[in-house]
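Read the figures in this text as sums done on the coordinates, not as results from a lab. Everything numeric here is computed off the predicted structure, so don't read it as measured data. Cβ placement follows ideal geometry from the backbone for every residue including glycine, while neighbour counts extend to all protein chains displayed.
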There are 2 protein chains.
Amino acid sequence: MRAVTIRDNELVIEEHPDPVPGAGEVLISVRAAGLNGADMLQRRGLYPAPAGSPKDIPGLELAGEVAALGAGAERFAIGDRVMAIVGGGGQAELATVHERQLMPVPGALDWAAAGGLPEVFTTAHDAVFTQAELRPGERLLVHGGAGGVGTAAIQLARAAGAQVTATVRSEELRAQVAELGAEVIAPEGFSDYGPFDVILELVGAPNLAENLQALAGGGRIAVIGVSAGAKGELNLLALMGKRARIHGSTLRARPLEEKALAARLLEREALPLFDSGAVRVPVAETFPLDEAAAAYERFAAGGKLGKIVLTV
Amino acid sequence: MRAVTIRDNELVIEEHPDPVPGAGEVLISVRAAGLNGADMLQRRGLYPAPAGSPKDIPGLELAGEVAALGAGAERFAIGDRVMAIVGGGGQAELATVHERQLMPVPGALDWAAAGGLPEVFTTAHDAVFTQAELRPGERLLVHGGAGGVGTAAIQLARAAGAQVTATVRSEELRAQVAELGAEVIAPEGFSDYGPFDVILELVGAPNLAENLQALAGGGRIAVIGVSAGAKGELNLLALMGKRARIHGSTLRARPLEEKALAARLLEREALPLFDSGAVRVPVAETFPLDEAAAAYERFAAGGKLGKIVLTV
């Protein structure tokens, strides 16, 4: 099979042996695979793939058709449209995935949308609902509302009956984010718009003190990105006074059981929203697998709303 | 009634009008009332009582007999032995408490033990089980294991099937804390004894970085005290890498509903342990109400294991 391959921090397309599905695994004929920030880091050697994933083939998510079943795999049949988060190796013509990590592709979604769904929607759903336990009627603040996880979080929270405010740095993107259902504000002085019950933090430590200030009593902060810095001062007395909590998390390093559980929750609580049209996957641009290098450049350039997706 | 009274940061015994129980409230003839760190702060004018509590009578917990019932109060009968956390006013001959905040006193406990139970055991139970969700078989680290909340947390966690390690600064107290069922260590280099699933933080910001280092994947830190400092650097990337969370909380400022819920949970999950003998209330010394000033001095001097309790 052909696959995007990292060679000396460059992206090339290379032939690899076809993967063979092990017990409980499914062989997927990949049709689309979204790009994510972690791919950019991995390309530069900064974010090695976890054990059990291909070392040199990037790609944290994929959508495609079931091409073969490993021993004991029974959740899906040959030809089914499926999608999943994977530890790596998604940007290839073929990939093997444990059947418990796979989700069915909602009928309303085309391949590009399906290939760009799993990572950001699972991350957003896990952070906002499983960790921060957002409730109907609560107020959510999304830092970085124009990003993939941000746009997913806004839509899921709105569909769950929450009120959403989102900070967006780029003035050009604010109207598009507002269309997703959020009150859109500039990052400066965001605490004037609080208090918020839940804050989804994709930017990092520079927001830490103001986040606590903007938090309602009993509020929760979910930290899933630190692009602007990791270390900041935390006032524990303020944390106690607000009776607040701060979560940190990443999906990639979790054991199979936890990834499968997150996939089941997304399947039950979020996937029906795509068929009803309440939630959609914004796709900024698609590139054929052969043009992966151009796709990565487009991703790194930023200024887009929605996913960059490789199509096979 | 006579009550401990704060006048110009000094403690005196003064006559006050007898309190009258309102709807749903119970009048308690107080038999014992424990001292807590918040009393020391309130005496110095640093921790004003919340709205609805006496401004000048300290005391966050009490035990006594039901002396009269307000309109609609029905959970207890005249003469019942009860105890509770109160917003203030516990160090007096009489006090009114909403019946939903009251708990029955376990038969095995004398008045001094009952008067010193509610605050530290509710705080420990809420932090360790309700917030940090300690599970059987997990490892708990208690910072400040010789304090009132520390000794409560050690015993409750042991009774719930967890393994407990406690830091104790005073060498003289270590053997007594070990008798409660904890592995007792010096505070220096505590992370060598990890990883811990839950850390109960009673000391504050100086431990923050090492706490994160000592935490197991998926671990939780519950911050309920900052005696050694409130502000410290938090590494959000480390928090994400451990998929950890940090809780801050105080009991005192909570609304009645939440205090009542905490009392119900303690009633169901912890009080039976006092009758079985699995858990006890360490009482260091009792003082008559008239000697409140001496009791406060004894509390502030430290170096004790167990509660200082005023008896009426």
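Descriptive notes on the structure:
- Cα-based convex hull volume of chain A per residue, rounded to whole Å³: 119 Å³
- Peptide B:247-255 has a mean of 5 when you count, residue by residue, the C-beta atoms of other protein chains within 10 Å of its C-beta.
- The dipole here belongs to the stretch B:123-248: it is taken about the Cα centre, uses +1 on the Cβ of Lys and Arg and -1 on the Cβ of Asp and Glu, and is about 360 debye.
- Cα-based shape type of the protein assembly as shown, given that a ≥ b ≥ c are square roots of the gyration tensor eigenvalues and the cut on a/c is 1.5: prolate
- Normalised by the number of residues in the stretch B:123-248, the average gap of Cα pairs under 8 Å and 6 or more apart makes the relative contact order 23 percent.
- Distances in nm from residue A:178 to the matching label points in the other copies, shortest first (labels 7 Å along Cα to Cβ): 6.8
- For residues of A:238-244, the mean tally of beta carbons on other chains within 10 Å: 6
- The residue among A:144, A:241, A:230 whose Cα reaches farthest toward the positive pole of the charge dipole of the stretch A:121-248, with charges on the beta-carbon of Lys, Arg, Asp and Glu, is A:241.
- CD proxy at 222 nm, helix term only [per DSSP H run n ≥ 4: -39500 (n - 2.57); per residue of chain A; nearest 500]: -7000 deg cm²/dmol
- Whole-angstrom gap from the stretch B:216-288 to the stretch B:132-189, using each part's C-alpha centre: 13 Å
- Neighbour-count order for B:53, B:249, B:276, fewest beta carbons within 10 angstrom listed first: B:276, B:53, B:249
- Mean Cα-pair separation over length for the stretch A:81-180, i.e. relative contact order, pairs under 8 Å, 6 or more apart, %: 22 percent
- Charge sum, other residues only, whose C-beta stays under 14 Å from residue B:45's C-beta, Lys/Arg counted +1 and Asp/Glu -1: 0
- Taking a straight line from the alpha carbon of residue A:242, these lysines sit under 22 Å away, with near neighbours fewer than eight places off in the same chain left out: A:231, B:231, B:259.
- For residue B:193, inter-copy label distances in nm, listed shortest first [label point 7 Å out on the Cα-Cβ vector]: 4.7
- Figure legend: label point modelled 7 angstrom from the Cα of residue A:159 along Cα→Cβ; residues of the stretch A:56-99 with amide N under 19 Å from it are A:62-64, A:81-85.
- For residue A:18, inter-copy label distances in nm, listed shortest first [label point 7 Å out on the Cα-Cβ vector]: 9.2
- Sum of side-chain charges, residue A:84 neighbourhood, beta-carbon under 10 Å (Lys, Arg +1; Asp, Glu -1): -1
- Antiparallel bridge percentage (DSSP; both residues within chain A; nearest 5): 55 percent
- Burial ordering of A:266, A:200, A:35, fewest other beta-carbon atoms within 10 Å first: A:266, A:35, A:200
- Per-residue average of Cβ from other chains inside 10 Å of A:196-206: 1
- Summing Cβ point charges (Lys, Arg +1; Asp, Glu -1) relative to the Cα centre of the protein assembly as shown gives a dipole of roughly 20 debye.
- Taking GluC sites (Glu not before Pro) across the stretch B:1-98, the ones in a DSSP loop with at most 13 further Cβ atoms lying within 10 angstrom of their Cβ are B:74.
- Applying Stokes-Einstein at 20 °C and 1.002 mPa s to the Kirkwood radius of the stretch A:121-248, computed over alpha-carbon pairs, gives a translational diffusion coefficient of 153 µm² s⁻¹.
- Antiparallel DSSP beta bridges within the protein assembly as shown, as percent of all bridges there, nearest 5: 55 percent
- For chain A, the relative contact order comes to 19 percent (Cα pairs under 8 Å, sequence separation of at least 6).
- Among the GluC sites (Glu not before Pro) found in the stretch B:153-242, those both in a DSSP coil and sparsely packed, with 13 or fewer other Cβ atoms within 10 Å of their Cβ, are B:188.
- GNM remark for chain A: springs join alpha carbons under 10 Å apart, and the peak mean-square fluctuation among A:144, A:189, A:116 falls on A:189.
- Principal-axis tilt of helix A:256-269 within chain A, Cα atoms, nearest 10 degrees: 70 degrees
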